[in-house]
Amino acid sequence: MHLSGTKYGSARLACLGFFLVCATSAVAQESVEAKEVASDISGAVATHETNEGTMYNVPLVPAELQKHGTTAAQTSGAGLQGNFFQRLGEFYWRDWTGKLPSTPATERRALDAPLDSPPFPSSDWGYGGSPAIGVPDGSVYPLMSALGKENSRSKIYGWVAGSVNASTSSKNNFPLSYDIFPNRVEMNQAVIYIERLPNTVQKTHFDWGYHVTAFYGIDYRFTTAKGYFSQQLLQKNHIYGFDPVLEYVDLYFPVKEGLNIRIGRFLSVPGIEAQLAPNNYNMTHSLLYTIDPFTDTGAIATLKLTKQWIVQAGISAGHDVAPWTVDRKPSAIACLDYSTASNHDNFYACANGINDGKYAYNNLQDYDGTWYHRFNAKWHMATEAWYMYETGVPNVAGNVANPVATELGANGAFCAAGQLRCTAPEYAFVNYVNREFNSKLFVGFRSDFLDDKKGQRTGIRGKYTENTLYATKYIGTTVMLRPEVRFDHSWDNRGYDNGTARNQFFFGMDLIYKF
């Protein structure tokens, strides 16, 4: 983790503007293409993606009718008047006042959706590396409506997320993330998506999709992969930076219940949380998520055998490295996903990044599992646990002569005296319990445990816990407010505020504005 300050780099911010201009041109070429989908399955539209390893639905999906074989009626930008800015303003006004019209509910070829979205990030349990097979796209975006391209298969949308925090730490909040700088206001993320989703509701023909992300903000410090503009962090330690977090193509084949092959850079599987702010239950991330892998570059195949069973297999260059870097290693991905017939329980297990396990940039051998459970219409929980390790990690404990140098950006371990290198294991567990009050509000509680046995992930070995009480409040469906209160404790050593404190009390709130 690199924490020193430098200039923000305004040139990178300009990349977002350039990205936006290019995207508008792409969108204009496919304004009515969604009509072809309806000819395959009556009422169906393109599948809406479930983000890698997390529950995802950005930005607009109403809470009603996401069950019983249908997906929610879409909010519609139809009837907007005036120029681009007038149409955009009218969309937001209608959204915030509850006056956006809805289109008819669309068919889904999947189990009944277990959750309402909003207020939750997604109506379906998440699995990574693929769009949600059999689930139609239930989203209409303000920018697309203002452009008059609501029905385009190619879409451009995004959000801006800023936050404020107050902490008992004065130097550093880590391993809390992403707001590692205490007592500050930050611009966490300004994100633009350009994508075309494959139609996975139909089972008659091949279809394809693509996705490109432009991401700027302080949170790039956690999304950076070596070889993707990583000099901003690894060499120059910029506080703010740009990262093309996701770039991939999706190839969909009508095999069994659907086969999707994703090729490119995608989020690591599995996991409850993700880098993209609206895709999470709350503002900060768990200890478990903060130190696990973030993105992989490679290919992953997702085969839906039945409505309840999914298998995945893939290969990557390793965690958080580009294939053209010296740290690349052919690494296996294998996952199994099962949902009960009621879809009230979902189990998702993965072995990810599996290779020789020898020390390299983030070369973690990751064995991860999630369990989602729906108690009733208002209550559900999400649980995740993983075990990870690297072998041959250089000793940085200062108890050996002529220590082996560590790689730039890759921590060493606190090994036993006399060991030049050692195996560095860690394990973690997190549980979320959430209660929905209405389509605009939910609250939740998170409990989290991490044992960084050799200090290779946090820099200070030992056990850590955190407990967080949080809420998400929607204004319309395009603005999110997420306050939270959090308490962290390190049990074996002083793990907070740059190694000076065992405890950390934190209050924070972020605001996400979607477009």
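The values are calculated or read from the model by the stated rules, or taken from the named source; none is laboratory data. Computed from a predicted model, the values in this text were never measured in an experiment. Every residue, glycine as well, gets a Cβ built from its backbone with ideal geometry; the counts of neighbours run over all protein chains shown. SASA here: full protein model, heavy atoms, side chains in, ligands and nucleic acids out. Shrake-Rupley method; radii C 1.70, N 1.55, O 1.52, S 1.80 Å.
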Inset, instruction - For the stretch 182-278, count all C-alpha to C-alpha pairs, find those more than 21 Å apart, and express that count as a whole percent of the total. - result: 45
Inset, instruction - Largest first and to the nearest Å, give the Cα extent of the stretch 269-321 along each principal axis. - result: 35, 29, 17
Inset, instruction - Provide the packing ranking of 228-235, 385-392, i.e. peptides ordered by the mean count of other C-beta atoms within 10 Å per residue, highest first. - result: 385-392, 228-235
Legend entry - the stretch 179-199 and the stretch 230-294: distance between their alpha carbon centers, rounded to Å: 11
Inset, instruction - For the stretch 308-373, count all C-alpha to C-alpha pairs, find those more than 14 Å apart, and express that count as a whole percent of the total. - result: 60
Legend entry - For q = 0.26 Å⁻¹, Debye-computed log10 I/I(0) when each Cα of the stretch 215-259 counts as one equal scatterer: -0.85
Legend entry - Å² of accessible area per residue within the stretch 76-165, as computed with a 1.4 Å probe and no ligands counted: 31
Inset, instruction - Please report, as a whole percent, how much of the solvent-accessible surface of the stretch 277-359 comes from carbon and sulfur atoms (probe radius 1.4 Å). - result: 69
Inset, instruction - Treating the Cα atoms of the stretch 196-343 as identical point scatterers in vacuum, please give the log10 of the normalised Debye intensity I(q)/I(0) at q = 0.08, 0.09, 0.15, 0.21 Å⁻¹, two decimals. - result: -0.26, -0.32, -0.87, -1.41
Inset, instruction - Kindly provide the trypsin sites (Lys or Arg not before Pro) of the stretch 78-148 that DSSP labels as loop, not H, G, I, E or B, and whose Cβ sees at most 14 other Cβ atoms within 10 Å. - result: Lys99
Legend entry - Scattering profile of the stretch 387-507 at q = 0.15 Å⁻¹ [log10 I(q)/I(0), Debye over alpha-carbon scatterers]: -0.77
Inset, instruction - Would you mind working out the accessible area per residue for the stretch 326-467, using a 1.4 Å probe, and quoting it in Å²? - result: 41
Legend entry - Distance between the stretch 361-415 and the stretch 76-141 - C-alpha centres, whole angstrom: 36
Inset, instruction - Return an integer: the convex hull volume of the alpha-carbon atoms of the stretch 120-200, in Å³ per residue. - result: 142
Inset, instruction - Just the number, please: carbon plus sulfur as a percent of the accessible area of the stretch 159-209, 1.4 Å probe, no ligands or DNA/RNA counted. - result: 66
Inset, instruction - Express the accessible area of the stretch 166-240 per residue in Å², computed with a 1.4 Å probe while the remaining protein chains stay in the model. - result: 29
Inset, instruction - Starting from the Cα of Lys329, draw a straight line to each of the lysines and keep only those under 26 Å, dropping any in the same chain fewer than 8 residues away. - result: Lys226, Lys236, Lys358, Lys453, Lys454
